[in-house]
Amino acid sequence: MIHPTAIIEEGVELGENVKVWAFAHIRTGSKIGDNCVIGEGAHIDTGVQIGNNVKIQNHALIYHGCIIGNDVFIGPNVVTTNDYYPSVFGDWKNNGRFRSTYFCKGCSIGANSTIICGVRIGVDALVGAGSVVTRDIPDGFLAYGNPARPIKEK
């Protein structure tokens, strides 16, 4: 199911049974696995890799360099980054500021969280709503706050 207002650029790989809702934008070179849901107004940037059974809620912004494993939940209005020292000046692709971000199998990211590039959200980890993730979250841990800190194992 692809909503007629969704924009899916040429060169996107969509798996089986993918649902893309209104006004979502999926850019060239992205790969989306089977049984995924891309919410209304979500932005999936070039080269993003998304596993199977992933749900990306409304208005989430998933930028270049994000690698999302299977069974991941990304809440509404989650924002990722991909430039560790953003600036209008300089050569973005070759300046060493770009960092990939990893969302491991089964992790969940709460609404309105911001994920700073270069981190790994562990297997089955949970990030509480409104958190700012600036460092890795271990497998199976609940983390929240600004900056998000691992609080306890789930």
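What follows draws every value from the coordinates through simple rules; no lab data is involved. Just so it is clear, the model here is predicted, and its values are computed rather than measured. Neighbour counts are summed over all protein chains in view; Cβ atoms, including those assigned to glycine, are modelled from backbone coordinates with ideal geometry.
Observations
- Look at the dipole of the chain built from charges on Cβ: of G33, Y84, I67, the Cα furthest out on the positive end belongs to Y84.
- Estimated Rh, the stretch 65-154: Kirkwood, alpha-carbon pairs, angstrom: 13.0 Å
- Counted without the sites themselves, the longest stretch of the chain free of GluC sites (Glu not before Pro) in a DSSP loop having at most 10 other beta carbon atoms within 10 Å is 17-154.
- Number of Lys pairs (Cα under 15 Å; 8 or more positions apart or on different chains) in the stretch 1-153: 4
- Stokes-Einstein D in µm²/s, Kirkwood radius over Cα pairs - the chain at 25 °C with 0.890 mPa s viscosity: 160 µm²/s
- Only Lys, Arg (+1) and Asp, Glu (-1) charged, at Cβ; the chain dipole about Cα centre in debye: 460 debye
- Phi angles across the stretch 9-20 convert, under the Karplus curve 6.51 cos²θ - 1.76 cosθ + 1.60 with θ = phi - 60°, into 3J(HN,Hα) values of 6, 4, x, 8, 9, 10, x, 6, 6, 8, 10, 10 Hz, Gly and Pro given as x.
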